[in-house]
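What follows is a short report on a single structure.
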Amino acid sequence: MRLSRPLALLAGATTLLALPALAAERVQVVTSFSILADIIDRVGGEHVEVASLVGPDSDAHVYSPRPTDARRLAEADLVVFNGLQFEGWMERLIDASDFDGPLVVATDGLEAHLAEGDDHDAHADDPHVEAQGHDDHDHGGADPHAWQDLGLGEVYVGNIRDGLIAADPAHADAYRANAERYLAAIDAADDELRALLDEIPADTSVITGHASFDHFARAYGLRFLSPQGLSTAGEPSAANMARLIDVIREQNVQALFHENMTSPAMIDQLAEETGLPVAGTLYADALASDGEADSWLGMLRHNARVLHDALAQPGHEEPGHGEDGDAHDHANEGDAAHDHAH
């Protein structure tokens, strides 16, 4: 039966009005940077809409909040940030926004988790070279880049899951189920990383732009050096650069690596001074805009493959590893096909 013109117009108008209403039902989450946005999206699924203040390939260390950011926080249902002073500007922004909803610090409980003495501490005694420049106190002495250890995914995912449930208890079962599936995918990716990185000799040193890989080094048994401290704000001192060049010449350093969200100038200078090649780009504090590294798990897979291709020695493998050489080709459930619209 054909509707009369007035009825047809009314039906069309009703449909249009329903679209924003449906969109408004999604939990509005604001987070500080792109890696957290991806984790939130995985745990929240269809029930969340995530906005990241600092986008892919951008540096959260030096971000300067805009007046519109405070308004975005004020209108949010949930706010999530890393903590450990990674985003030194975030707490001030929250205060300025008068946000009064659930607030998630994604690293809450991290120290207790590390203190349990499980496999995540297996490399805790690995030496760290002074040339990393840890005279930078922007982070209060604690390395906030905990997402570099997939074994700490339980901390991030658990805190985000609980925050989403607090903001939207009606979909609690969905958030719990999504979190369980995601943790299984994280465990599988962690196994892939270990299979690749175990083929790199234990005495190998890795040179990157700033000291953001301490958790990665501890978890996966590598040694990282950098001319810059935990933050990218400011330039490394000439003394740190000179000391690092000496260390590079004294130790088993085979290659240098750029970072996606920092200037390549320091690494290029080291390459010129030492004659070492720049073997690729590692992702430290931000996802890629597209490609494999546009998700948290994809980013760390990319890093492991770049390191393996540059530093692994043929035939070198630790006992109990290397039998599943193609493990890194297995895709985690839902990871490759995920739509990143942050």
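Spot the failing condition for D57; the list is (1) open to solvent by 50 Å² or more (accessible area, probe 1.4 Å); (2) under 25 Å from E259 (Cα atoms); (3) assigned to a helix (DSSP H, G or I), and only one is missed.
Going through (1) open to solvent by 50 Å² or more (accessible area, probe 1.4 Å); (2) under 25 Å from E259 (Cα atoms); (3) assigned to a helix (DSSP H, G or I) one by one, D57 breaks only (3).
Across region 260-314, which residue is least open to solvent (accessible area, probe 1.4 Å) among those that are among the hydroxyl-bearing types (S, T, Y) and within 22 Å of F33 (Cα to Cα)? Don't jump to the end; show me each part of the working.
Keep residues of region 260-314 that are among the hydroxyl-bearing types (S, T, Y), which gives 262-263, 274, 281, 283, 289, 295.
From what's left, within 22 Å of F33 (Cα to Cα): 262-263, 281, 283, 289, 295.
Numbers: T262: 25, S263: 73, T281: 50, Y283: 36, S289: 78, S295: 2 Å².
Only one residue fits best here, namely S295.
Can you name the condition, by its number, that A37 falls short on among (1) in contact with a helix residue (DSSP H, G or I) (Cβ under 8 Å, 6 or more places away or on another chain); (2) at pLDDT 95 or above; (3) not polar (S, T, N, Q)?
It fails just one condition, (1).
Keeping to region 1-34, report how many residues are modelled with pLDDT of 95 or more, out of contact with any His (no Cβ under 9 Å at 6 or more places or on another chain) and closer than 19 Å to D100 by Cα. If you could, list the steps in order and put the result at the bottom.
Taking region 1-34 as the starting set, the residues that turn out to be modelled with pLDDT of 95 or more are 26-34.
So of that shortlist, the ones also out of contact with any His (no Cβ under 9 Å at 6 or more places or on another chain) come out as 28-30, 32-33.
Subsequent filtering for residues that are closer than 19 Å to D100 by Cα retains 28-30, 32.
Selection size over region 1-34: 4.
How about region 175-202: which of its residues are open to solvent by 30 Å² or more (accessible area, probe 1.4 Å) and in a helix (DSSP H, G or I)?
Within region 175-202, R176, A177, E180, R181, L183, A184, D187, A188, D191, R194 meet the criteria.
Could you check E75 against (1) out of contact with any strand residue (DSSP E or B) (no Cβ under 8 Å at 6 or more places or on another chain); (2) charged (D, E, K, R); (3) modelled with pLDDT of 85 or more and say which number it fails?
(1)
When only residues in region 94-120 that are among the hydrophobic types (A, V, I, L, M, F, W, C) and within 21 Å of the chain's Cα centre (by Cα) count, which is surrounded by the fewest Cβ atoms within 10 Å (Cβ to Cβ)?
Going residue by residue through region 94-120, those that are among the hydrophobic types (A, V, I, L, M, F, W, C) are 94, 96, 99, 103-106, 110, 112, 114-115.
Narrowing further to those that are within 21 Å of the chain's Cα centre (by Cα): 103-106, 110, 112, 114.
On the way: L103: 17, V104: 25, V105: 17, A106: 28, L110: 21, A112: 9, L114: 19.
Ranking the qualifying residues of region 94-120, first place goes to A112.
Of all residues in region 60-77, which are outside any helix (DSSP H, G or I), touching a Phe, Trp or Tyr at 6+ places or on another chain (Cβ under 9 Å) and either more than 26 Å from A179 (Cα to Cα) or open to solvent by less than 10 Å² (accessible area, probe 1.4 Å) (or both)?
Scanning region 60-77 gives Y63, S64, P65.
Could you look through region 203-224, keep only residues that are surrounded by 22 or more Cβ atoms within 10 Å (Cβ to Cβ) and among the hydroxyl-bearing types (S, T, Y), and pick out the one that is nearest to the chain's Cα centre (by Cα)?
S212
Can you spot a residue in region 146-155 that is modelled with pLDDT of 95 or more, touching a Pro at 6+ places or on another chain (Cβ under 8 Å) and open to solvent by 30 Å² or more (accessible area, probe 1.4 Å)?
No: zero hits.
Is there any pair with a first residue in region 301-320 that is closer than 20 Å to V278 by Cβ and a second that is assigned to a helix (DSSP H, G or I) and at pLDDT below 90 whose Cβ atoms are under 9 Å apart and which are 6 or more apart or on different chains, and what are they?
So the pair list comes out as A304/H328; R305/H328; H308/H328.
The values are calculated or read from the model by the stated rules, or taken from the named source; none is laboratory data. This is a predicted model, so every value here is computed, not measured. Here Cβ is always computed from backbone atoms with ideal geometry, including for glycine, and neighbour counts include all displayed protein chains. Surface areas here come from the heavy atoms of the whole protein model, side chains and all, with no ligands, DNA or RNA. Shrake-Rupley method; radii C 1.70, N 1.55, O 1.52, S 1.80 Å.
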